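The block underneath contains the structure these notes are about, expressed in C-alpha cells.
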C-alpha cells in the first residue's frame, strides 16, 4: 500500500538524525523484531541524571525512522526525571500527521519513551554496564 507522507515525515526519514548505535548505552529498549518486521530500538546513555546521548535504529519504514528521530530529539539532553512528562502527543508535535495504517510507529516510539523514562530514573546506577529493557 502506498502512503502519502507529510513533509515532516519525509524530511526526518531522509535525514534520519540520531540513527545509529551508542558505544556503551546505559539502557537499550526495543519494540518489535529487527529480523522479522517492524521494529524500533532506542539506546540511551544516562549521566548525572540526564540523557547524555540517545540513538535509535528502525526498519526501513519512513514513519518508523521519523518517529525514532523525533524520539531522540525529544529526549536527548533531557533530565531523566522529566521523561515521565513526555508522551505520544510530544512525538506527534514533532512528526506531524501519520497515515492511519502507520500509527503503530507512534505507538512503538511512545512505548519506548515510557520504558526509558522508567529505566532512567534517578538513583539507578549510571553508565556501569549496559542494561537491556523489554524487547
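The values are calculated or read from the model by the stated rules, or taken from the named source; none is laboratory data. Keep in mind that what you see is a predicted model, and the values were worked out from it rather than measured. In this analysis, Cβ positions are derived from the backbone assuming ideal geometry, glycine residues included, and neighbour counts consider all displayed protein chains.
Can you find, within region 45-75, the residue that is modelled with the lowest pLDDT among those that are touching a strand residue (DSSP E or B) at 6+ places or on another chain (Cβ under 8 Å) and part of a loop (DSSP other than H, G, I, E, B)? Please lay out each step first, then the result.
If we filter region 45-75 for residues that are touching a strand residue (DSSP E or B) at 6+ places or on another chain (Cβ under 8 Å), which is where we start, we get 45-46, 49-59, 64-65, 67-69, 71-72, 75.
Filter once more, so that each one left must be part of a loop (DSSP other than H, G, I, E, B): 49, 59.
Working: 49: 90, 59: 94.
The selected residue is 49.
Which condition number does residue 80 fail, the rest of (1) at pLDDT 95 or above; (2) buried (at least 24 other Cβ atoms within 10 Å of the Cβ) being met?
That leaves (1) as the condition not met.
Of the conditions (1) farther than 17 Å from residue 86 by Cβ; (2) within 13 Å of the chain's Cα centre (by Cα), residue 27 clears all except one; give me its number.
The one condition residue 27 does not meet is (1).
Count, please, the residues in region 91-112 that happen to be free of Cβ contacts under 8 Å to residues at least 60 places away in the same chain and buried (at least 17 other Cβ atoms within 10 Å of the Cβ).
Here the count works out to 4.
Identify, by number, the condition in (1) under 12 Å from the mean Cα position of the chain (by Cα); (2) part of a helix (DSSP H, G or I); (3) in contact (Cβ under 8 Å) with a residue 40 or more places away in the chain that residue 8 doesn't meet.
(1)
One line per residue, one yes/no per condition, for (1) surrounded by fewer than 20 Cβ atoms within 10 Å (Cβ to Cβ); (2) over 17 Å from residue 66 (Cβ atoms); (3) modelled with pLDDT of 95 or more:
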| residue | (1), (2), (3) |
| --- | --- |
| 1 | yes, yes, no |
| 8 | yes, no, no |
| 18 | no, no, yes |
| 21 | yes, yes, yes |
| 36 | yes, yes, no |
| 40 | no, no, yes |
| 43 | no, yes, yes |
